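The values are calculated or read from the model by the stated rules, or taken from the named source; none is laboratory data. Please read these numbers as outputs of a predicted model, since none were measured by experiment. Because the Cβ atoms are built from the backbone with ideal geometry, glycine has one as well, and the counts that use them run over all protein chains shown.
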Amino acid sequence: MTVSTAELLALGCAVIWAVNALILRTLTDEVAPATINAVRCGAAGLAFLLWLPFSAPLSSLAAVPWTEWGLLLLSLSCGLVIGDTLYLVALHEIGVARAMPLSGTFPLSTLLFERLLLGTPLHPGLLAGCLLVGVGVVLMAWGRAQIPAGDRPPARLLRGVFFALAASLLWGLAVTLLKPALTHLTMVQANAVRMPIVALLLYVFMLRPSGHPLRVLSPRAWVLLVGSGLSGMGLGAYMFLTALQKIGPAKAVTLTSASPVFGVALAVLFLREKITLRALVGAACCLGGVYAVL
């Protein structure tokens, strides 16, 4: 089995996102979800804007059709603006143990949208890989934390479940739309456009009306959010989009969705979390899913 460079990039992205998940877990109780997203996207956007003059000629942006700009805008609105924010809200409402397995169905939603919108043939190996990764994420999330009955009011529980599933669907749609949107754009150009727009939209429509000024963030929160933005939304996004362009949305998403495997390993090493048999079986399913699509 020969692993391509694009597949290695997708797996590397999964590692980076696993590290970012550990960082964000320490901030979700003290920082609003929209603030987390805005700062992370703003930091990544600034980095890509500084990189832009050293990428492809700026004149090449004029050759990008308006339809592709529209797809890019729709994709970032569905995924980075609404989807990511809903997921962070779900984390706050129902916790990692519930939110992660529900949102972890996003490889399947991506496969569905890729089939419906792009007409991509449904390969048995890819379908099996998506299913295995989805099952693995569920087992690992439930295996890492006990879920006491009645620890959330019913309305709050239902709201969190809805937000997590909605995030999964929106992520699948957003990733699928990126494939045709990147026909004439480089990865640097795409992210130099996406990230600042997301940060601006979040600030104008969510942070400013809600009265959550950025100046109240502690120095520790600023350091963690900016670092997470540069690594996860910056380097991670660059690696993910490169993989997506080369191997397609469903395959790229399936490989990056193996990030909980790395997350479990990091939690055991650095947070001294105990790993259960269920989590081990889930990790095996995820790894089996990755092998099925390679």
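Kindly indicate which of Ala221, Ala279, Ala250, Ala265 is aliphatic (A, V, I, L, M), over 27 Å from Thr176 (Cα atoms) and surrounded by 24 or more Cβ atoms within 10 Å (Cβ to Cβ). Step through it out loud before you land on a result.
Numbers: Ala221 fails: surrounded by 24 or more Cβ atoms within 10 Å (Cβ to Cβ); Ala250 fails: over 27 Å from Thr176 (Cα atoms); Ala265 fails: surrounded by 24 or more Cβ atoms within 10 Å (Cβ to Cβ).
When all the criteria are applied, what remains is Ala279.
Checked against (1) surrounded by 15 or more Cβ atoms within 10 Å (Cβ to Cβ); (2) under 30 Å from Pro196 (Cβ atoms), Gly136 passes all but condition (2).
Say whether the condition of being surrounded by fewer than 22 Cβ atoms within 10 Å (Cβ to Cβ), over 15 Å from Pro196 (Cβ atoms), touching a residue at least 60 places away in the same chain (Cβ under 8 Å) and not small (Gly, Ala, Ser) is met by at least one residue in segment 43-52. No, every residue in segment 43-52 fails to be surrounded by fewer than 22 Cβ atoms within 10 Å (Cβ to Cβ), over 15 Å from Pro196 (Cβ atoms), touching a residue at least 60 places away in the same chain (Cβ under 8 Å) and not small (Gly, Ala, Ser).
Among the candidates Leu88, Leu72, Leu126, which residue alone is within 18 Å of Leu177 (Cβ to Cβ) and crowded, with 21+ Cβ neighbours inside 10 Å? It would help to see each step written out before you state the result.
Details: Leu88 fails: within 18 Å of Leu177 (Cβ to Cβ); Leu126 fails: within 18 Å of Leu177 (Cβ to Cβ).
Within the list Leu88, Leu72, Leu126, the selection yields Leu72.
Each residue in segment 204-218 was checked for being at negative phi and either surrounded by 19 or more Cβ atoms within 10 Å (Cβ to Cβ) or not in a helix (DSSP H, G or I) (or both), and 5 of them qualify.
Go through segment 98-111 and give me each residue that's out of contact with any Cys (no Cβ under 7 Å at 6 or more places or on another chain) and farther than 12 Å from Ala174 by Cα.
Our first condition is that a residue be out of contact with any Cys (no Cβ under 7 Å at 6 or more places or on another chain); within segment 98-111, this holds for 98-106, 109-110.
Hits for segment 98-111 are Arg98, Ala99, Met100, Pro101, Leu102, Ser103, Gly104, Thr105.
Among the residues of segment 3-53, the ones that are under 20 Å from Met100 (Cβ atoms), among the acidic types (Asp, Glu) and in a helix (DSSP H, G or I) come to 0 in all.
For segment 139-176, filtered to residues that are in contact with a Pro (Cβ under 9 Å, 6 or more places away or on another chain), surrounded by 19 or more Cβ atoms within 10 Å (Cβ to Cβ) and of a type in the set (A, V, I, L, M, F, W, C), the residue that is modelled with the highest pLDDT is Val175. Kindly evaluate Lys251 against the criterion of being at pLDDT 85 or above, more than 23 Å from Phe54 (Cα to Cα), charged (D, E, K, R) and touching a helix residue (DSSP H, G or I) at 6+ places or on another chain (Cβ under 8 Å). Here the answer is yes, as Lys251 does meet what is asked.
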